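Data first, discussion second: the structure below is written as structure tokens.
The values are calculated or read from the model by the stated rules, or taken from the named source; none is laboratory data. Just so it is clear, the model here is predicted, and its values are computed rather than measured. Heads up, the Cβs are rebuilt from the backbone with ideal geometry, glycines too, and the neighbour counts pull from every protein chain shown.
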Amino acid sequence: MAGGKETPRQKLIGMMYLVLMAMLALNVSVTVLDAFVVVDEGLTKTTHNFSQQNDATYREFAQRFAENPVRVRPWKDKADEVRAKSDSLFNYIQELKQQIVITADGEGTDAIAPDGRIIGENIRAKESTNPPAQVMLAERNPKATELKNSIDEYRQFLLSLVDERDEGIRQSIETNLDTSDPPPKDGATVSWESHHFYYMPMIASITLMSGMQADVRNAEADVITYLINQIDAGSFMFNALEATVIPRSNYVFRGNEFEASVFIAAFDTTQAPEILIGRYESVEREDGTMDYRMVGRADTLPVVQGRGIFRTRPATTGYHNWGGLIRLRAPDGSFINRPFGSEYQVAEPNLVVAPTKMNVFYSGIDNPVEISVPGLAADQINASATNASIRRISGSNYVVVPRTTGQSVITVTANIDGVTRNMGSSQFRVRAVPDPVATVAGRKGGNIARNVLLAQTGVLAEMENFDFDLTFTVTGFTVSSTQRGFVVDHRSSSNRMTDAQREIIRQAGRNDRIYFEDIIAVSPTGDERRLPTVSFRID
């Protein structure tokens, strides 16, 4: 706003504009914030499922220990250590999430449930980028580095329990618990800590940390399943082994491919298991033990080096359960059937095109926007625009320059597994840049002392209530006044007052009017505007 006093009506308009800008900013960000809440809920559900599976495996360890303590003890002791270290790391991450939420929303927030869970939809400051950095990147106590070191120690501990020949599980552990820095972009290297917590919306950091917790439970499941299988693997008795399912991703877009590996952790390299997908049922043998058999139609997976590869292209969104039986021939010639099951989530492609300053574009100038698709890296995304040029500045930051007023459509495509897919479009209104306001002495008119007016260098053109760095230059104006019954005027061909114009002001008497009129201002792009007259009364 320009200097000087404002009328009550001007103050009211200014206040209404600020409130409107705040509302528009909220409307722009709500899509991406809600998307992170949905993803966080999905990760929490996946983590809960892993925990239930792990609890079942620990109960089986206890049962088998009671039946044969000597044989089971070495493996159960390792499993108990895995459980303790997994719970410790999981709870540590949960405490950090709670600290971030409390830092943002304050003590007593209803975003933390009595049992310690984070309720994403109740977080008030979802968009705030300060709390994650405050908690995780403080100079005196960099908790992000402590977290990274804890994950590294946990990963090395799990790897120490797995034979180097078991490449599948070792690769899964390395991938799930990877803390290496992301690849350099535009010649700049970003640390793992900054990548996860620097200038990151709070709900995004919470979601990333939920993903870390899911990775901890996933790695825990891989290792304890591997350990319980080792009880019988040495004697080549496979009836105690469980099937292992490693999905490439539990979160895919509708129309994209879901892929998972299904295999037995300790398998016989001389024979391949038969993997059947479909419904199955349990049956009781004559000796009272349980067996399994397929019910109805079943699909057989191709098996490569002991691993069955499952692929499907889901047509509907939501959670999808799948499973079946693995059949393996035992040393005595009989078949061992082991059930397996898993789930994956399918979501609609969720395009986010967020103007960072306004909810519209302005023609002829740089309009910064953020373009992203949750679940995809920035370098997988490409954007194009109608009635505008668009260029990437860095990462998800773009600049759009509309050509004319009307509308512009931003279309985004993504490279997924080597295939270019349309992720959607967003339409925006394109408006002309508003006129600047002419001012003299920082004022738009009113009463003024002659010596104050004579002290001014000329006329300025200022943008009011416009959230862009745009400057208009005055290229000419006329000073006029009525003196002794005659109109006297003089033209300046720049933004500075001439000597003749100053003489008109100097000759003006008390209560005489001085007019700054025919004001011409030009934008950096050459757009010429004629501005309203500025009128002063000499005190």
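Below is a table of values for the structure above.
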item: Failed criterion for Thr457 (all others in (1) closer than 30 Å to Val399 by Cβ; (2) loosely packed, with under 14 Cβ neighbours inside 10 Å hold); result: (1)
item: Those strands (runs of 3 or more DSSP E) lying entirely in the range 405-455 with at least 1 residues touching a strand residue (DSSP E or B) at 6+ places or on another chain (Cβ under 9 Å) and farther than 30 Å from Ala521 by Cα; result: 406-416, 419-431
item: Residue match in the range 174-191 (condition: in a helix (DSSP H, G or I) and more than 20 Å from the chain's Cα centre (by Cα)); result: yes
item: Filter result for Val488 (over 21 Å from Pro436 (Cβ atoms) and part of a strand (DSSP E or B)); result: yes
item: Qualifying positions in the range 468-485 - exposed (fewer than 15 other Cβ atoms within 10 Å of the Cβ), in contact (Cβ under 8 Å) with a residue 40 or more places away in the chain and assigned to a strand (DSSP E or B); result: Thr473
item: Residue in the range 385-397 that is more than 30 Å from Glu257 (Cβ to Cβ) and touching a Gly at 6+ places or on another chain (Cβ under 9 Å) present; result: yes
item: Filter pass, Glu174 being surrounded by 19 or more Cβ atoms within 10 Å (Cβ to Cβ), among the acidic types (Asp, Glu) and either modelled with pLDDT of 90 or more or touching a Ser or Thr at 6+ places or on another chain (Cβ under 7 Å) (or both); result: no
item: Residues of the range 321-361 classified as at pLDDT 85 or above and either surrounded by fewer than 19 Cβ atoms within 10 Å (Cβ to Cβ) or out of contact with any Pro (no Cβ under 7 Å at 6 or more places or on another chain) (or both), total; result: 11
item: Sole exception among (1) farther than 26 Å from Ile365 by Cβ; (2) in a strand (DSSP E or B) for Gly509, by number; result: (2)
item: Hey, Asn91 at negative phi, surrounded by fewer than 18 Cβ atoms within 10 Å (Cβ to Cβ) and in contact with an Asp or Glu (Cβ under 9 Å, 6 or more places away or on another chain) or not; result: no
item: Selected residue (only one of Arg313, Arg293, Arg285 is surrounded by fewer than 16 Cβ atoms within 10 Å (Cβ to Cβ), over 27 Å from Asp55 (Cα atoms) and either modelled with pLDDT of 70 or more or under 42 Å from the mean Cα position of the chain (by Cα) (or both)); result: Arg313
item: Residue list for the range 387-408, restricted to those being more than 26 Å from the chain's Cα centre (by Cα) and polar (S, T, N, Q); result: Asn387, Thr404, Thr405, Gln407
item: Residues satisfying the stated conditions in the range 128-156, i.e. of a type in the set (Lys, Arg), modelled with pLDDT of 85 or more and more than 22 Å from Asn218 (Cβ to Cβ); result: Lys143
item: Gln98, sole failed condition from (1) more than 21 Å from Ile206 (Cα to Cα); (2) out of contact with any helix residue (DSSP H, G or I) (no Cβ under 9 Å at 6 or more places or on another chain); (3) crowded, with 16+ Cβ neighbours inside 10 Å; (4) not charged (D, E, K, R); result: (1)
item: Residue list for the range 388-403, filter: surrounded by fewer than 18 Cβ atoms within 10 Å (Cβ to Cβ) and within 11 Å of Phe361 (Cβ to Cβ); result: Val399, Arg403
item: Residue in the range 497-517 that is surrounded by 14 or more Cβ atoms within 10 Å (Cβ to Cβ), touching a residue at least 40 places away in the same chain (Cβ under 8 Å), touching a Lys or Arg at 6+ places or on another chain (Cβ under 9 Å) and within 15 Å of Thr473 (Cα to Cα) present; result: no
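To keep it simple, each residue is scored yes or no on (1) of a type in the set (D, E, K, R); (2) in contact (Cβ under 8 Å) with a residue 12 or more places away in the chain; (3) under 25 Å from Glu193 (Cα atoms).
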site: Phe61; (1), (2), (3): no, yes, no
site: Lys78; (1), (2), (3): yes, yes, no
site: Ser86; (1), (2), (3): no, yes, yes
site: Ile93; (1), (2), (3): no, yes, yes
site: Glu107; (1), (2), (3): yes, no, no
site: Glu121; (1), (2), (3): yes, yes, no
site: Arg124; (1), (2), (3): yes, yes, yes
site: Glu127; (1), (2), (3): yes, yes, yes
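Residue-by-condition table, conditions (1) within 18 Å of Phe50 (Cβ to Cβ); (2) part of a helix (DSSP H, G or I); (3) in contact with a strand residue (DSSP E or B) (Cβ under 8 Å, 6 or more places away or on another chain):
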site: Ala62; (1), (2), (3): no, yes, no
site: Arg73; (1), (2), (3): no, yes, no
site: Ser86; (1), (2), (3): yes, yes, no
site: Phe90; (1), (2), (3): yes, yes, no
site: Leu96; (1), (2), (3): no, yes, no
site: Val101; (1), (2), (3): no, yes, yes
